[in-house]
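Notes to accompany the following structure.
The values are calculated or read from the model by the stated rules, or taken from the named source; none is laboratory data. The shown structure was predicted, so the numbers you read here are calculated from the model rather than taken from an experiment. Neighbour counts run over all protein chains shown; Cβ positions are idealised from the backbone, glycine included. Quick note on the areas: whole protein, heavy atoms, side chains included, nothing else; ligands and nucleic acids left out. Shrake-Rupley method; radii C 1.70, N 1.55, O 1.52, S 1.80 Å.
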Amino acid sequence: MTSDSTDRSSAHPDRIALTGASGYVGGRLAPLLLERGYGLRCIARTPRKLDERPWRQQAAVEVVRDDLSDPIALAEHLRGCSATFYLVHSMIAAGAGYADRDRKLARNFAEAAAEAGVKRIIYLGGLGELDDSLSEHLRSRRETESILASTGVPVTVLRAAMIIGSGSASFEILQYLVNRLPVMVTPRWVETESQPVAVQDVLYWLAECLATPESEGQVLEVGGPDVLSYKDLMQVAAAELGLRRRLILPIPVLTPRLSSAWISLVTPVPYEIARPLANGLSSRVVVTDHSVQEVMPRDALSVREAIQHAISATRAGRVETRWSVAGPIQGDADWAGGKVFVDERSIDVEADADSVFAAVCRVGGGHGWYAGDLLWRIRGWMDQAVGGPGLRRGRRHPESIEYGETLDFWRVVGLERGRSLALRAEMKLPGEAMLDFNIRPRNGSDGVGLTMRARYRPRGLVGIAYWYAVAPLHNIVFGGMLKGIRDTAEAIRRGGEQTNETAESSPTGQSGYGRARLWLGISAVGSIVVASSIALACGVPDLVNRFAGGTLLGTFAGLLLFVLAYVAIQLPFDFLGGYVLPRRHGRAHLKFPVFLRDLARGVLMHAVTLITCAVFLTLAGAAAGMAGTVAGATLAIGLLLVARTRLASLYAPLTITPSEPKDLEREDSIRVLLAQASDEGFTGSVLGVLRPAAHLLPLDWRRVLGRDGFQLALKRRTVAIGSGAWGRGRFVAIGFTLVGVAISAWLVGSERLGTTGGTVALSFWFTLWSFLGLLVLPTLSRRAVAEIDQRLLDDGYSPELVAQTTRKLDTLQDDEPERPGFVETIFHPVPSVQNRTRGPRRKGVAGAWDVARTTVFLSASGIGLLGRAVHCNCGRPALWVFLPTD
């Protein structure tokens, strides 16, 4: 039993002992107690879990190692403390035997508190009436209350039902259920009443007990103002998450065991936690004694407000503590004995150690594992099928990690900032596995070396067979991971090189570049529109249909031939737009072999996208005619928007760096992602289907625009969302696309839908519809740009900064600060620099942000053929998914 900082807080006049400081509630209570002026002695089984907490280094904090197993040693650690919080629960540490372990630890603690002269104990228990219906979980909590009070030390008990907060197991179960299951067959207990409480209110009452002598020795029931069933609670959560009402069908045959297994399958919470929680939900848990409002009055948050706070904190990455950190951590295995397989790989990185470490720390969770994500998912599904955690647990924060945290089915067991990270496998394995990352300086170079070492000690022949079965995949998984970490680290370093004072705009190319691209786009679009019209007039779809012959293989061959013909028509324009024009006008361009390689990659992936959509719409049309075709296009639109960043990285090199600059002033909680693209015209976008999910901005803008300009660029996206312009743009883009598919399907005719020729005809008609969109939708986009510019000026942004940022971004795009009004009206969704900075401007006109170019991207859902032909992205695969915007 050791103390980490005995000399720092031993003389604090009002010292409080806190158990469970690394847990969900205790980890949030500690800083609150420090704010109120108390000294803390944190009693932790694994003190290293607290090393990264922001409050850990305060002078009033002392941390001691103790697992509560020895009452004598525990009494020494409690001595000198006026009060103590008992926030210990063995549900994770002891599994099915948690009740016995809870009794033992509570008995040890009660004896130690009496021996040490502690004046009072404060315990957080569970609501529920003590009768036959009370679950084993809640009965254990009630038993702990009695044991803590058995030695005569006054005990204050706060009894709470479900605690709602970002990172709590209860909230994550709720969130995942409503997110993943629009229709739920549930046990009858979803109709049992409960009284949830926000974690903020629980923390207030816990801390307030110390300043309220009247609470000593009392049992106080706490809860929010709402009493509702779990079924109603799920509907509230769905509404706050922006989802439609869930269809919930309670049936009497689902036992707690089955419902617990279902919860562990759908949510990140494992079975050993889901089981007692599900059992607890079968008991009615509501406040029957409101004396807490007499002793410590507080207007508690409603359920809706608590869920809003939790969602906001989760989306903004402000999850202070999470349920998955609780529990014991196994140390590094003894790798000295027995056979140990090692896979060690190294790579040189042209970045500093901090940038590399930041990139390493992003593995897992929503960011994935840099390479072979499908293989990781398959491994996660396999692990889940045999009772392991799989990839469900994710991570607490998208970037930062702490000792003891989980990263999918790994746990952090070693952490040295800027130097190393050690992960221990918690998936089901016939052996033990570790994954280590070590960063070392390179001799004679500014960069560093990164070494990744995977170690595996098998158990028996099955364990050995497992290693040899997965070893062939290591080059994809581990080799690709190292390359991804390298690219991300180097992108981080480049993004942080220059501040506002040193930012410079990109050099301006020779005049005429924008007009040349415009004529190229007119030629490409015109060629494809004319070709589509001639094909329809000459009955080409019928010829394709006869070629296909009605067989499945013939259908695929016919569609493939159709897409290859399109590629042949578009390819010369891609060559002109991607290589000839940039080179002729002095713009940044790739070397010819690299250009050919990247163009071939983009053309191949775009062709795969079109063929996939064509096959999908053919099958949908064959199954349900016009309704099936429209439904298929709707699903395709959703998939295109959901997988947009992944699609962009398949079309062209794109490194997503979820590293929000620390100096940004934020007005929303939407995540910021930075991306390193291969094309200077890349502008990113606002990600999301019907609700904004993340800002995607070019990493190079940090250098080109400087700090203030980058802040303004982010502010533009924030204003687009807040003003409704982004939502209008997304609604119009989706609506225009679906109307076009419906009209095209009607023109083709129900009897031809589902045939190869019908799908080809659908593509031609939809291409003509897309051409109409190119003529009318840019006006809505320009209005949105003008609307946002005016809002920025109204908000007090300097006209000089707005103009300067606009000019720099135009240099990266068309390099055409002035253009004739007729040209702009028809072809350009972003107004010229002159019109934006000097006018004339229209006020009070609402626009639809990015509607024109989002519609171009979504045209693939109707097999539209103009997605690569427009002037801004012709020959530029990096812009085929995220077409340039303002």
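Please enumerate the residues belonging to region 320-338 that are surrounded by 14 or more Cβ atoms within 10 Å (Cβ to Cβ) and either among the small types (Gly, Ala, Ser) or modelled with pLDDT under 80 (or both).
Scanning region 320-338 gives ARG322, TRP323, SER324, VAL325, ALA326, GLY327, ILE329, ALA333.
Residue under question is ARG730, and the condition is that it be touching a residue at least 40 places away in the same chain (Cβ under 8 Å), open to solvent by 20 Å² or more (accessible area, probe 1.4 Å) and assigned to a helix (DSSP H, G or I); does it hold?
no
Can you confirm whether VAL413 is under 24 Å from LEU461 (Cα atoms), open to solvent by 20 Å² or more (accessible area, probe 1.4 Å) and either not in a helix (DSSP H, G or I) or not polar (S, T, N, Q) (or both)?
no
Matching residues to (1) surrounded by fewer than 20 Cβ atoms within 10 Å (Cβ to Cβ); (2) out of contact with any His (no Cβ under 6 Å at 6 or more places or on another chain); (3) of a type in the set (Asp, Glu); (4) not in a strand (DSSP E or B):
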residue: LEU690; (1), (2), (3), (4): yes, yes, no, yes
residue: LEU696; (1), (2), (3), (4): no, yes, no, no
residue: THR737; (1), (2), (3), (4): no, yes, no, yes
residue: ALA745; (1), (2), (3), (4): no, yes, no, yes
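Take the residues in region 845-860 that are over 24 Å from the mean Cα position of the chain (by Cα) and polar (S, T, N, Q); name whichever of them is nearest to ALA607 (Cα to Cα).
Here the residue is SER859.
I'd like the full set of residues that are in a helix (DSSP H, G or I), touching a residue at least 24 places away in the same chain (Cβ under 8 Å) and open to solvent by 10 Å² or more (accessible area, probe 1.4 Å), limited to region 211-229.
Answer for region 211-229, where residues must be in a helix (DSSP H, G or I), touching a residue at least 24 places away in the same chain (Cβ under 8 Å) and open to solvent by 10 Å² or more (accessible area, probe 1.4 Å): just GLU214.
Could you say whether any residue in region 71-79 is touching a Ser or Thr at 6+ places or on another chain (Cβ under 8 Å), more than 26 Å from THR406 (Cβ to Cβ) and not hydroxyl-bearing (Ser, Thr, Tyr)?
Yes: one or more hits.
Does ALA310 satisfy being within 24 Å of PRO54 (Cβ to Cβ), modelled with pLDDT of 65 or more, hydrophobic (A, V, I, L, M, F, W, C) and open to solvent by less than 20 Å² (accessible area, probe 1.4 Å)?
Here the answer is yes, as ALA310 does meet what is asked.
Can you spot a residue in region 655-675 that is assigned to a helix (DSSP H, G or I), over 17 Å from ARG876 (Cβ atoms) and not basic (Lys, Arg)?
No, region 655-675 contains no residue that is assigned to a helix (DSSP H, G or I), over 17 Å from ARG876 (Cβ atoms) and not basic (Lys, Arg).
In this structure, is ARG101 at pLDDT 75 or above, open to solvent by 60 Å² or more (accessible area, probe 1.4 Å) and part of a helix (DSSP H, G or I)?
Spelling it out, ARG101 is indeed at pLDDT 75 or above, open to solvent by 60 Å² or more (accessible area, probe 1.4 Å) and part of a helix (DSSP H, G or I).
When you go through THR84, THR144 one by one, which is the residue that is of a type in the set (Val, Ile, Thr) and at pLDDT below 90?
THR144
Starting from region 433-460, take each residue that is more than 18 Å from VAL360 (Cα to Cα) and open to solvent by less than 10 Å² (accessible area, probe 1.4 Å) and list its partners that are assigned to a strand (DSSP E or B) and at pLDDT 85 or above, counting only C-beta distances under 6 angstrom and pairs at least six apart or across chains.
Matching pairs, first to second residue: TYR456/PHE341; TYR456/GLY431; TYR456/ALA433.
Criterion first (assigned to a helix (DSSP H, G or I), closer than 27 Å to LEU610 by Cβ, of a type outside the set (A, V, I, L, M, F, W, C) and touching a Pro at 6+ places or on another chain (Cβ under 6 Å)) does GLY757 satisfy it?
When the stated conditions are applied, GLY757 passes them.
Counting only residues that are open to solvent by 10 Å² or more (accessible area, probe 1.4 Å) and assigned to a strand (DSSP E or B), which one in region 420-430 is nearest to ARG494 (Cα to Cα)?
Filtering first and then ranking leaves SER420.
Quick check, is ALA465 modelled with pLDDT of 85 or more, surrounded by fewer than 21 Cβ atoms within 10 Å (Cβ to Cβ) and either in contact with a Gly (Cβ under 6 Å, 6 or more places away or on another chain) or not basic (Lys, Arg) (or both)?
Here the answer is yes, as ALA465 does meet what is asked.
On the basis of being crowded, with 24+ Cβ neighbours inside 10 Å, among the hydrophobic types (A, V, I, L, M, F, W, C) and at pLDDT 90 or above, does VAL741 make the cut?
Spelling it out, VAL741 is indeed crowded, with 24+ Cβ neighbours inside 10 Å, among the hydrophobic types (A, V, I, L, M, F, W, C) and at pLDDT 90 or above.
Tell me, please, whether a residue that is at pLDDT 80 or above and over 29 Å from LEU247 (Cβ atoms) can be found in region 180-198.
No, region 180-198 contains no residue that is at pLDDT 80 or above and over 29 Å from LEU247 (Cβ atoms).
Return yes or no: is GLU787 acidic (Asp, Glu) and outside any helix (DSSP H, G or I)?
No.
The conditions are (1) under 27 Å from HIS367 (Cα atoms); (2) of a type outside the set (A, V, I, L, M); (3) out of contact with any His (no Cβ under 7 Å at 6 or more places or on another chain); (4) open to solvent by less than 30 Å² (accessible area, probe 1.4 Å), and TYR651 fails exactly one of them. Which is it?
For TYR651, the failing item is (3).
With the checklist (1) open to solvent by 20 Å² or more (accessible area, probe 1.4 Å); (2) within 29 Å of the chain's Cα centre (by Cα); (3) at pLDDT 85 or above in hand, flag the one item ASP201 doesn't pass.
(1)
Condition check: at pLDDT 85 or above and outside any helix (DSSP H, G or I). Does GLY509 satisfy that?
The answer is no for GLY509.
Conditions first: (1) touching a strand residue (DSSP E or B) at 6+ places or on another chain (Cβ under 8 Å); (2) part of a loop (DSSP other than H, G, I, E, B); (3) among the aliphatic types (A, V, I, L, M). ILE248 passes all but one, so which condition is the exception?
Of (1) touching a strand residue (DSSP E or B) at 6+ places or on another chain (Cβ under 8 Å); (2) part of a loop (DSSP other than H, G, I, E, B); (3) among the aliphatic types (A, V, I, L, M), only one is false for ILE248: (2).
Kindly indicate whether any position in region 566-583 is in contact (Cβ under 8 Å) with a residue 24 or more places away in the chain, basic (Lys, Arg) and either crowded, with 20+ Cβ neighbours inside 10 Å or closer than 21 Å to ASN873 by Cβ (or both).
There is no residue in region 566-583 that is in contact (Cβ under 8 Å) with a residue 24 or more places away in the chain, basic (Lys, Arg) and either crowded, with 20+ Cβ neighbours inside 10 Å or closer than 21 Å to ASN873 by Cβ (or both).
Would you confirm whether any residue within region 757-776 is touching a Gly at 6+ places or on another chain (Cβ under 6 Å), under 30 Å from ALA623 (Cα atoms) and surrounded by fewer than 23 Cβ atoms within 10 Å (Cβ to Cβ)?
Yes, the conditions are met somewhere in region 757-776.
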